[in-house]
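What follows draws every value from the coordinates through simple rules; no lab data is involved. All figures in this text were calculated on a predicted structure; none of them were measured in a lab. Cβ coordinates were reconstructed from backbone atoms using ideal geometry, including for glycine residues, and neighbour counts include every protein chain displayed.
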2 protein chains.
Amino acid sequence: MSHADEIKAIIERRIEALRRRDAAAANAALDKELVAFEVAGPLRLPAEQATDAATTQAWLDSFDEGPTVTMEELTICADAEVAFCHSLNRIQGRRVDGQSVDVMMRSTLGLRKREGEWKIVHGHTSVPR
Amino acid sequence: MSHADEIKAIIERRIEALRRRDAAAANAALDKELVAFEVAGPLRLPAEQATDAATTQAWLDSFDEGPTVTMEELTICADAEVAFCHSLNRIQGRRVDGQSVDVMMRSTLGLRKREGEWKIVHGHTSVPR
């Protein structure tokens, strides 16, 4: 499998875990020192918060359909131990309060291979102003 | 010079060129096929617009002081031919209409080494909602 194929598989596994609302499996791709720039503030989310399964689970449990993530224009640039990728991600679902969600976001991920495994060490998600 | 030092030098040269309001020099770091996610819409800025020196020059010429860019928490992950970096960038200056600018942005860059030279192939800039 090429480096890019390995990374694509990791991202797809994470998306599949989110769809099942399985926070622990989704966060398994995240490095413990993740530097996270999220859609909402602060400028930089502390790593312990960004990688915390309970926080992710609470967000996932606010959905009763989805969330599904559909990647468009995914581009992966990978060397032996460093990689990044970017895509336009459509997030769809329905909140437990009945509110439907359908938004497009820009996503950039930075990855490092550590002890033979790719980990997401940086995530930048935004919507344009 | 390490890969990370080479990349730091390129970013600092670009920032210095912006401060001089020299769009051609600033854009020399950008790959022609740059995938740009900018603070303002659209979701993805067309490469020809994101790399166009005249467009950048018009933006720079809207300043009569700066713009200066101060990077905080710069982290560079670089392999032989692929690299990414992220930082919190403070942009300061004064517009020709007298308006002062002082904003913090999140910046992520993706780079590739092509024919011995690092080029910025992806840029993601945002402010949190």
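Please go through region A:1-23 and give me each residue that is in a helix (DSSP H, G or I), out of contact with any Leu (no Cβ under 9 Å at 6 or more places or on another chain) and in contact (Cβ under 8 Å) with a residue 12 or more places away in the chain, ordered by number. Within region A:1-23, A:His3, A:Ala4, A:Glu6, A:Arg13, A:Ile15, A:Arg19 meet the criteria. Within region A:34-51, the set of residues being surrounded by fewer than 16 Cβ atoms within 10 Å (Cβ to Cβ) and either among the acidic types (Asp, Glu) or part of a strand (DSSP E or B) (or both) comprises just one member, A:Glu48. The residue that is nearest to the other protein chains (Cβ to nearest Cβ), among those in region A:56-85 that are surrounded by 15 or more Cβ atoms within 10 Å (Cβ to Cβ) and assigned to a helix (DSSP H, G or I), is A:Thr56.
Flag set for B:Asp31, criterion: assigned to a strand (DSSP E or B), in contact (Cβ under 8 Å) with a residue 12 or more places away in the chain and either within 14 Å of chain A (Cβ to nearest Cβ) or in contact with a Phe, Trp or Tyr (Cβ under 7 Å, 6 or more places away or on another chain) (or both).
Would you call A:Thr70 in contact (Cβ under 8 Å) with a residue 24 or more places away in the chain, under 16 Å from the mean Cα position of the chain (by Cα) and within 20 Å of A:Lys8 (Cα to Cα)?
Here the answer is no, as A:Thr70 does not meet what is asked.
State all residues of region B:86-129 that are over 29 Å from B:Met1 (Cβ atoms), crowded, with 18+ Cβ neighbours inside 10 Å and out of contact with any Gly (no Cβ under 8 Å at 6 or more places or on another chain); if no residue qualifies, say none. Once the filter is applied, which keeps residues that are over 29 Å from B:Met1 (Cβ atoms), crowded, with 18+ Cβ neighbours inside 10 Å and out of contact with any Gly (no Cβ under 8 Å at 6 or more places or on another chain), region B:86-129 yields only B:Ser126.
Count of region B:89-113 residues, restricted to those that are within 14 Å of chain A (Cβ to nearest Cβ) and either polar (S, T, N, Q) or under 25 Å from A:Arg114 (Cα atoms) (or both), is 8.
On the given criteria, is A:Arg44 within 30 Å of B:Pro46 (Cβ to Cβ), facing chain B (nearest Cβ under 10 Å) and among the basic types (Lys, Arg)? Answer is yes for this residue.
Residues that are of a type outside the set (A, V, I, L, M, F, W, C) and under 21 Å from A:Val96 (Cβ atoms) were ranked within region A:28-58; the one that is nearest to the chain's Cα centre (by Cα) is A:Thr56.
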